[in-house]
Amino acid sequence: MFRGAHSVSVDAKGRFAIPAFYRQALLDACGGRMVATVHQERCLLIYPQPEFQIFEQKLLSAGGMDPQVRKLQRFYIGRAHEAEMDKQGRILLPAHLREWAGLENRAVLTGMGGCFELWSETGWNREQEAATDMLAPKDDDGAIPESLKGLSF
């Protein structure tokens, strides 16, 4: 299971390094073979190959006669790119995926259970601000509702 947010660098060739503490697990699970694809929120999804195959099969089993399903299949599967971790734990991303997510020098790799999301640093900061605003418990006057004041996580 992948979790947490990790700052990573994207080099001029489009490579980024998987954090060291995930590398052995990825080698054991998939031999370092990964699949990257686009996400509708302008980040990338990075799957271990076996996890992507499960996702892909679910999407393909939805059928191909429905035009909306075909659009989703094209969106996720048609833009997918297979990559293999090199000896330094780096993954090479093609230009079309880097452009989709707005990746330049700095990025954030976020563990999402069975896969990762890769965000541009700007996109990640914007997403976190939106999440913070959304999660802030407020009533119509902007104050924390009385019923939530004693609640802790």
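Since every read-out is calculated from the coordinates, none of them should be taken as a lab result. Because the structure is predicted, anything quoted here is derived from the model rather than measured. Because the Cβ atoms are built from the backbone with ideal geometry, glycine has one as well, and the counts that use them run over all protein chains shown.
Quick rundown of the values:
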| item | result |
| --- | --- |
| Every residue from the range 67-101 that is under 28 Å from residue 25 (Cβ atoms), among the hydrophobic types (A, V, I, L, M, F, W, C) and touching a residue at least 60 places away in the same chain (Cβ under 8 Å) | 85, 91, 92, 93, 97, 100, 101 |
| Filter pass, residue 82 being surrounded by fewer than 17 Cβ atoms within 10 Å (Cβ to Cβ), part of a helix (DSSP H, G or I) and of a type outside the set (Phe, Trp, Tyr) | no |
| Index of the failed condition, residue 30 passing every other in (1) of a type in the set (A, V, I, L, M, F, W, C); (2) closer than 25 Å to residue 127 by Cβ; (3) in contact with a strand residue (DSSP E or B) (Cβ under 7 Å, 6 or more places away or on another chain) | (2) |
| Yes/no for residue 73 being in contact with a helix residue (DSSP H, G or I) (Cβ under 7 Å, 6 or more places away or on another chain) and farther than 22 Å from residue 16 by Cβ | yes |
| Matching residues, the range 57-79, being under 22 Å from residue 36 (Cβ atoms) and in a loop (DSSP other than H, G, I, E, B) | 62, 77, 78, 79 |
| Odd one out for residue 108 among (1) in a strand (DSSP E or B); (2) without any contact (Cβ under 8 Å) to a residue 40 or more places away in the chain | (2) |
| Check on residue 53, assigned to a helix (DSSP H, G or I), farther than 19 Å from residue 112 by Cβ and without any contact (Cβ under 8 Å) to a residue 24 or more places away in the chain | no |
